[in-house]
Amino acid sequence: MKKKNSKNKKLIIANWKMAPDSLFEAKKIFSTLKKKKINSRNFTVVLCPPVVYFSELFKNYRGKIFKFGIQNLSHEDDFAHTGEISAKMAKDFNVQYVIIGHAERRALGEDSSLISKKIKNTLKHKMTPVLCVGEIIRDQNGEYLKFLEQQIIDSLSGVKKNQIEKVVIVYEPVWAIGKGHKAVNNYEIYQMTIFIKKILVSLYGRKSALNVSILYGGSVDAENCLGILEEGRVDGLLIGRASLNPFTFSDILKKI
Ligand code: PGA
């Protein structure tokens, strides 16, 4: 596992969620992406397709541009967990990154206590946990800040000081994710990264906290990606819909 993504190199994570609908389409997306002349000098790019596509999709890939991630991982290592994917299985497919605590999984009932176990298991198996946090709504009284703070504290429970730099945190408010929504504006993203860093400083001290990569996710597209990176001053992006269109996604990568 890389200690962390260098601050100059952005981390771009493609979250394919439960799409596309067929292996045929998944292969088409990946083969179009491979044909694009992508120079990854400025970023690390991680593809997170549904696990059922992994073996067929990546079996012959020998390139260095694309790294692989999964969208969820079991917090346990042993047999009796129907429907789950273990860390050992993921590692067998060269998975290096694990998205944990995505809003859509939290909505299914995954709580921060389970999420913290998943983070610790991911670290134990030397993969990089990509912890998603974010408020559901924004209120006028700033309650959402308390909500976010508690979510971060609970999700990182038991993660030690010498481990925190290996965790990637994505600020991804629920109200900015998905069709019909808009990305958070760049200045607010910047404010939220400072807020998250302050929480990390109080939990882990300045030195470790300031080395944690903070990404943004929620309605990122080819138009807003550069502004978010530059004015939002984040270390990378988590991209849903726009990562399923290989033309849009490669446009984003080329811009970066
Ligand atoms: P979106 O999804 O880019 O389609 O808004 C982002 C995510 O849910 O990770």
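Every number in this text was worked out from the coordinates using simple rules, so none of it is lab data. Source: prediction; values computed, not measured. Note: ideal-geometry Cβ built from the backbone for every residue, glycine included; neighbour counts use all protein chains shown.
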Checklist entry - Of the residues M18, M192, M127, which exhibits the maximal mean-square fluctuation in a Gaussian network model of the chain defined by a 10 Å Cα contact cut-off? => result M18
Checklist entry - Which net charge results when you count Lys and Arg as +1 and Asp and Glu as -1 among the other residues whose beta-carbon is under 14 Å from that of Y190? => result -1
Item to check | Over the chain, volume per residue of the alpha carbon convex hull, in Å³ | outcome: 123 Å³
Checklist entry - How much mean residue ellipticity at 222 nm does the chain get from its helices, if each DSSP H run of length 4 or more adds -39500 (n - 2.57) and you divide by all residues, to the nearest 500 deg cm²/dmol? => result -10500 deg cm²/dmol
Checklist outcome for this item: Once I194 and S113 are pulled to full extension, the length gained, defined as 0.36 nm per residue separation minus their Cα-Cα distance, is 26.7 nm
Checklist entry - Quick one, what does Rg over Rh come out to for segment 104-221 if you take C-alpha atoms and the Kirkwood Rh? => result 0.95
Checklist entry - For segment 1-83, what is the largest minus smallest coordinate of the Cα atoms on each principal axis, given in angstrom and ordered from greatest to least? => result 43, 34, 21
Checklist outcome for this item: Across S112, S219, S31, the residue with the highest GNM fluctuation in the chain (Cα network, 10 Å cutoff) is S31
Next on the checklist: Given an 8 Å cut-off on Cα distances and at least 6 residues of separation, report the relative contact order of segment 51-171 as a percent.
Outcome noted: 24 percent
Checklist entry - What does the charge count near C48 come to, summing +1 for each Lys or Arg and -1 for each Asp or Glu among other residues with Cβ under 11 Å from its Cβ? => result +2
Item to check | Paramagnetic reach from I137 (point 7 Å along Cα→Cβ, amide N under 17 Å) across segment 175-205 | outcome: 175-177, 181-182
Checklist outcome for this item: Length gained if E76 through K124 is fully extended, taking 0.36 nm per residue and subtracting the Cα-Cα distance, is 16.2 nm
Item to check | Inter-label distance, nm, simple model (7 Å from Cα along the C-beta direction), N8/E25 | outcome: 4.0 nm
Next on the checklist: If the only charges are +1 at each Lys and Arg Cβ and -1 at each Asp and Glu Cβ, what is the size of the charge dipole of segment 100-218 around the Cα centre, to the nearest 20 debye?
Outcome noted: 620 debye
